[in-house]
Structures are given as C-alpha cells and as structure tokens.
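As structure tokens, the structure follows; a few thoughts come after it.
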Amino acid sequence: MILDTFSFTPLEVSIAVVAFSAILYYFGRIIADTHVEQADKSVLYVAGFIFVVFFILVPGGTVYYIKDYLVWIPKLALVLLQIVMFSMLSWAVKTYEYFLKHGLLDVFQKKYREKLEEIKKDNTLLGNIIAVYDIVKNNKDPVSTFSSILEANRKISSNYLFLMLVSTISIFSLYRAISENSLIFITVTLVLGFFLFTMMALVYGFSTAYYPPAIIHLKNGQILQGKLLKFGDFVYLLDQEQKVKIFINKQEIMYLEESLFKNQFPISQSKDQVRMGTLEEHNEKV
C-alpha cells in the first residue's frame, strides 16, 4: 500500500535500502576505526545510523524548512564556506591523530622551535619577521601560539552544533545546485560534500574515542605498559617514552589491566614491577 502511494517499484526500494545500508556502513566504519574497540557489523550500522540521523537527516530537515530564507546567499560564498569548514575539520583530524592519539605535541613543538631558530639565524626576511614577533609577543614563540590555535580549532570543530552547521550548509548547497540545474555547481558541491561528511565522521569519531593507559601481561612473563590504540586480533600499544607502536598478537596476552579512572595507569602494579618494553624486546621474546 505504501509503495503504491509513493509509486516506488520493488527494484527502486531495494536499491534505496542497499544505498542507505552502504551509507550507514561507510560512516560507521570511519567512526569505529577511530575507536580502540574492534567493532562488529551490527555496531558499525548502529554508529552509522546515529551519525546519519543527527548530522544528515536533522540538518536536511532544517534545510527543508529554511531553504526559502537562504536564497540570497551567493553560490560562490557557499563554496568558499565549505572549503573553509573542510580546512577546519581536516586540521582538527590532524590534531586528534598526531597530538592526542599519538602524543606527539612535544615532538612537534621541539622540532619546529629548532627549525625557527635556524630560520632566525639565516638573517632572512622571514627570520626577521619571526624575531620581531618574538619581541612583540614578549618572547612567546610562534609554535606555542600555533599549537593554541590548533587546539581552539579542534574544540570548535568537535562541537556538535558546528558539525550540524557544516552539514546544513553542505546540504543546502547541494539543494541550490540541483534546483538551479548547474552541472558545475552540482559537481563541486558533491565532491565537497563527500569530503566534508567524511571529515565530520572522523572528527565525531575522534571526539568520542578514548585511548586508555594499560598494562599488558604476556604469557612469556613480559610486562608492557603504554596507551592502547586498538584492541582486536592484534593489540596496538603506544610506548610514549620510546615513541614506538608495539603490535601484539592477542593470543600472546595473558591478561590486561586498565584503570577505572580516566587517563591513569592501573595502580595494582608498582612502577618497579612494570618494565617499559620496546618494540625490539617484544619481537625477540614473542
């Protein structure tokens, strides 16, 4: 009865169901890949469904009701807005990936401070500008300022209202392109929309992810300590002191300890009992 009312053929319904399932799986997979746990298919579809509802369907409904009030916005402005938002989201993903997940902020700051010192010693125009900046900012180096900007951008980009705004602008841009039958605008909007929603899923995933400090006891008696990045058939452990990833076969693990408190190592083992294993030691013993 419903199919007859809306004039949908069974084939069209099947295609729509397959397409919707593929969309759910795509976004669910992106979100799950940012988390520690290895998700099964049902979890992927649930994560994708939540993302689609809040960041596609709700903004799409909003566009349906306010589209007539936004026709004054130039198409070029919509494209530029999407490019700016894509840039913000991509930098937020980099901040999550390298600074928060892998803990490389101190390495980044050290390397760039060394590079800036080299540039200042070259007595070039850029070096003079950096030297003047240091004086004006009371010797606060540009690296700290840049790090603060990245952190502020991460917080803004991770805000759910901002993500819904990005989605609303992208969906409205696509509506404008289709309604005006502009092939170039449709192509540009579709490409930007694909990358925007992909970045949105990554930011949403990272913002809900937690990489707990853990102590892993192997069957051969070795004890490893670090930050859990992934737990599946292989466990990815980040040794933050050695700055290396340790890949451990799950079958080699006797048990794993994780604190009930966030960002703290378990206290059941004293520091003297826990040896920080390097990748080379692990490969030799396992």
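Put +1 on the Cβ of every Lys and Arg and -1 on every Asp and Glu Cβ in segment 178-262; which of Gly193, Leu218, Leu183 then has its Cα farthest towards the positive end of the dipole?
Value: Leu218.
Give the separation of the Cα centroids, segment 51-70 to segment 140-172, in Å.
If we compute the Cα centre of each part, the gap is 21 Å.
For a label point 7 angstrom out from the Cα of Val53 toward its Cβ, which stretches of segment 164-182 have the backbone nitrogen within less than 18 Å?
164
Read phi for every residue in segment 160-176 and hand back ³J(HN,Hα) as whole Hz from Karplus 6.51 cos²θ - 1.76 cosθ + 1.60, θ = phi - 60°, with x for Gly and Pro.
Karplus-based 3J(HN,Hα) across segment 160-176 equals 5, 5, 5, 4, 5, 5, 4, 4, 4, 5, 5, 5, 5, 4, 5, 4, 4 Hz.
Below 8 Å between Cα atoms, with a sequence gap of 6+, how large is the relative contact order for segment 145-239 in percent? Present the calculation step by step, with values, prior to reporting the outcome.
Working: 65 pairs, mean separation 15.0, N = 95.
Contact order relative to length: 16 percent.
For Leu161 and Tyr175 in the same chain, what is the full-extension length gain: residue separation times 0.36 nm, less their Cα-Cα distance, in nm?
On the way: separation 14, 0.36 × 14 = 5.04 nm, distance 2.08 nm.
Separation in residues times 0.36 nm, less the Cα-Cα distance, equals 3.0 nm.
Quick check: from the Cα gyration tensor, does segment 24-76 come out rounded (a/c under 1.5), prolate or oblate? Please list the in-between numbers first.
Numbers: a/c = 4.92, a/b = 2.79, b/c = 1.76.
Cα axes put segment 24-76 in the prolate bin.
With all protein chains present and a 1.4 Å probe, how do Ile248, Ile223, Ile83 order by accessible area, largest first?
Working: Ile248 0, Ile223 30, Ile83 80 Å².
So, going from the largest accessible area down, we get Ile83, Ile223, Ile248.
Please give the per residue accessible area of segment 1-109, computed with a probe of 1.4 Å over protein heavy atoms only, in Å². Present the calculation step by step, with values, prior to reporting the outcome.
Working: 6800 Å² over 109 residues.
The answer is 62 Å² per residue.
Given a 1.4 Å probe and the protein chains all in place, what does the accessible area of Lys155 round to, in Å² to the nearest 10?
130
Could you look at segment 59-102 and say what percent of its accessible area is carbon and sulfur, using a 1.4 Å probe and all protein chains? Don't jump to the answer; show the numbers that get you there.
Numbers: 1920 of 2590 Å².
Accessible surface attributable to carbon and sulfur in segment 59-102 totals 74 percent.
The values are calculated or read from the model by the stated rules, or taken from the named source; none is laboratory data. For clarity, every value in this text was computed on a predicted model and none was experimentally measured. Reconstructed Cβ throughout: ideal geometry from the backbone, glycine too, with neighbour counts over all protein chains shown. The protein model used for the area step is the full one, side chains on, heavy atoms only, and it has no ligands, DNA or RNA in it. Shrake-Rupley method; radii C 1.70, N 1.55, O 1.52, S 1.80 Å.
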